[in-house]
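Where a number appears in this text, it was derived from the coordinates with a stated rule and is not lab data. Keep in mind the model is a prediction, meaning the values are calculated, not measured. Cβ coordinates were reconstructed from backbone atoms using ideal geometry, including for glycine residues, and neighbour counts include every protein chain displayed.
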Amino acid sequence: MLGRWRQLGAGHAVFGAGCSCGIQGTSVRVQDFEQDILGFLRGKHGDAARAASIAELLGAMARQKGRAREALALLADLERSLDSFGALHRGGSS
């Protein structure tokens, strides 16, 4: 998951590209949304998602033992977020 985040974080999300009105669209770095993703995870999972970065969060989760159920739920939500940004990166919809 960390490799996937690093790949996505280096890319851009495209908003509104290819519409018939002639507007080219806006491209924003996916990494700029990292704190928003972490905020979403903290809102849903509380202290289990407390980290300064996604890389830090995944590292902390890898070191924890005995919290598999919490970790799986958090990872599932993170994966859905990354899927959504992956679709934006490709210029599609989520």
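A simple spin-label model places the labels of Ala60 and Met1 1.3 nm from each other, with each point 7 Å out along Cα-to-Cβ. A simple spin-label model places pseudo-atoms 7 Å from Cα toward Cβ; at Asp32 and Ser84 they are separated by 1.7 nm. Each label point was placed 7 Å from the Cα along the Cα-to-Cβ direction; for Leu72 and Arg50 their separation is 2.5 nm.
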